[in-house]
Each structure stands twice: as structure tokens, then as C-alpha cells.
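Asker: Let me give you the structure first, and then I'll get to my questions.
The values are calculated or read from the model by the stated rules, or taken from the named source; none is laboratory data. Owing to the predicted nature of the structure, the values given are computational and were not obtained by experimental measurement. Neighbour counts are summed over all protein chains in view; Cβ atoms, including those assigned to glycine, are modelled from backbone coordinates with ideal geometry. Heavy atoms of the whole protein, side chains included, go into the accessibility calculation; ligands, DNA and RNA do not. Shrake-Rupley method; radii C 1.70, N 1.55, O 1.52, S 1.80 Å.
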Amino acid sequence: MSDKIRRLNRELKFKGKIIDFYQDTMEINGDHTVIWDFIKHKGAAAVVPVLPDGKILMVRQYRNALERYTLEIPAGALDEADEPGIRCASRELEEETGYRCENLEWLINLRTTVAFCNERIEVYVARDLIPSKQHLDEDEFIDLQAYTIDELKEKIFSGEIEDAKTVSSLLAYDTKYNRN
């Protein structure tokens, strides 16, 4: 294992709406260099919305990278890198589900792909939901569906739900709130 890893250069290759792609020139042990890819992400927040009957609201939406619809917890990118995650989670809850919550509870922080990306997602739990109105972005088309945690775990273990933030968040929720 190397004790001495040092960045010599970081070159921006692409600046996007949500991510920036860089190539880093790294020096290893002072005797050779390598090129590593780095994706800079401004961060995101997500929420596990729990209805009074214990069912969890999920969003079904098309994901271009997978060329199919996915079932996920509501989530979205921070407006700015320094935006508090709880503010983003609150906004995304109302935008995507049409519910709001006055007392979001922190659940877990996630790092999605640590090998090449710094994305961090703060995840919250929303209970005592208050009906409001969906405010979808112009490019968002979301269907809402409610499931029990057991139904969602079946979907995880059957491979139907693969989204890392959703899998991690639902299993963390189940572990924290449904321990027997």
C-alpha cells in the first residue's frame, strides 16, 4: 500500500448541470504518475416518506442512464453545494410527492461511488405528512405509489429496486425503526 499519494494536477474536462468531470494527475510514492477520473457532485438529499398507516411513498420515474423506469425514494440535487441537506430534502418531498413535513429526522449519510465521485446524499425520514401539492420540474414525470416495508424489501432482494440510495435508505429505516 502506498503511503504517499499526491495530486499534481486537476484538469476540468466537462462542466455539467449537476456534475463536473475532471482528470487528476496523481503521483504515487514519488516514482510514478497515474491519471484518475474524478466526478465532482454538489451533493443531494433524499427522504423516506412514511404515511400514517406505515406505508412508504415511492416515486416511479424514467431514468435515462438505465433506459427504464425505476422505483425510488424522493431525492434531488442540492441547489448550491452549501445548501443544507434538510432544506433540500424538504423541498424534494413536497415537489415529488405533494406532501410536506415539519419535522424531518436525519437517518443516514451516503457516499454513492467513492472510487471516482464525491457525491454525498443526506437522507431523512418524514412522518406526520401534511398534504400539499406536487411541484414537478418540467422534465419530471413521477408516479407515486405506497408500499409496506416488507413489500419494498421483497423488491430489493428480487432485484427490482437497485438504486443504491433507495436500497441503503430503506434498509437503514427498517433497521432503525422496525427492530424487534
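Asker: Given axes a ≥ b ≥ c from the Cα gyration tensor, I'd like to know whether region 1-93 is rounded (a/c under 1.5), prolate (a/b larger than b/c) or oblate. Mind dumping the intermediate values first?
Answerer: Working: a/c = 2.62, a/b = 2.42, b/c = 1.08.
Since a/c reaches 1.5 and a/b is larger than b/c, the shape of region 1-93 is classed as prolate.
Asker: Express in Å², to the nearest 10, the accessible area of PHE21 obtained by rolling a 1.4 Å probe over the protein heavy atoms while all chains stay in place.
Answerer: Ignoring ligands and nucleic acids, PHE21 comes out at about 60 Å².
Asker: Please give me, ordered by residue number, the chymotrypsin sites (Phe, Trp or Tyr not before Pro) of region 84-136 that lie in loop per DSSP and have at most 16 other Cβ atoms within 10 Å.
Answerer: Passing both the DSSP loop test and the Cβ count: PHE116.
Asker: Using a Förster distance of 25 Å, how high is the FRET efficiency between GLN23 and ASP3, based on the Cβ-Cβ distance and rounded to 0.05?
Answerer: Working: r = 24 Å, r/R0 = 0.95.
Approximately 0.60, to the nearest 0.05.
Asker: Show me the trypsin sites (Lys or Arg not before Pro) within region 73-180 that DSSP assigns to loop and that have at most 13 other Cβ atoms within 10 Å of their Cβ.
Answerer: On the way: sites: ARG87, ARG91, ARG100, ARG111, ARG120, ARG127, LYS133, LYS153, LYS155, LYS165, LYS176, ARG179; in loops: ARG127, LYS133, ARG179.
Passing sites in region 73-180 are LYS133, ARG179.
Asker: Going by the alpha-carbon gyration tensor, a ≥ b ≥ c the square roots of its eigenvalues, is the chain rounded (a/c under 1.5) or, if a/c is not under 1.5, prolate (a/b greater than b/c) versus oblate? Display every interim value, and only then the final one.
Answerer: On the way: a/c = 2.19, a/b = 1.86, b/c = 1.18.
Note, shape of the chain comes out prolate.
Asker: Moving on. Students sometimes get this wrong: rank VAL114, VAL123 by accessible area, probe 1.4 Å, all chains present, largest first. Kindly include the intermediate steps, with their values, before the conclusion.
Answerer: Details: VAL114 120, VAL123 0 Å².
In descending accessible area the options line up as VAL114, VAL123.
Asker: Counting only GluC sites (Glu not before Pro) that are in a DSSP loop and have at most 10 other C-beta atoms within 10 Å, tell me the longest site-free stretch of the chain.
Answerer: Longest run free of exposed loop sites: 1-66.
Asker: Assign one of three labels to region 88-132, namely rounded, prolate or oblate, based on the Cα gyration tensor with a ≥ b ≥ c the square roots of its eigenvalues; rounded applies when a/c is under 1.5, prolate when it is not and a/b is larger than b/c, and oblate otherwise. Mind showing how you got there, number by number?
Answerer: Numbers: a/c = 4.41, a/b = 2.27, b/c = 1.94.
Cα axes put region 88-132 in the prolate bin.
Asker: Taking loop as defined by DSSP and a crowding limit of 12 other beta carbons within 10 Å, which trypsin sites (Lys or Arg not before Pro) in region 1-60 fit? Present the calculation step by step, with values, prior to reporting the outcome.
Answerer: Values: sites: LYS4, ARG6, ARG7, ARG10, LYS13, LYS15, LYS17, LYS40, LYS42, LYS55, ARG60; in loops: LYS4, LYS17, LYS42, LYS55.
Passing both the DSSP loop test and the Cβ count: LYS4, LYS17.
Asker: Ignoring ligands, DNA and RNA, what percent of the 1.4 Å accessible area of the chain is carbon and sulfur?
Answerer: Here carbon and sulfur together make up 48 percent of the probe-accessible area.
Asker: May I ask which of LYS55/LYS165; LYS55/LYS155; LYS153/LYS176; LYS40/LYS153; LYS42/LYS176; LYS4/LYS42 have a Cα-Cα span longer than 25 Å here?
Answerer: Distance filter (> 25 Å) returns LYS40/LYS153; LYS42/LYS176; LYS4/LYS42.
Asker: Tell me, in nm to one decimal, what length is gained between GLU80 and TRP36 on full extension, where the rule is 0.36 nm per residue of separation less the Cα-Cα distance?
Answerer: Details: separation 44, 0.36 × 44 = 15.84 nm, distance 2.56 nm.
Taking GLU80 through TRP36 to full extension adds about 13.3 nm, to one decimal.
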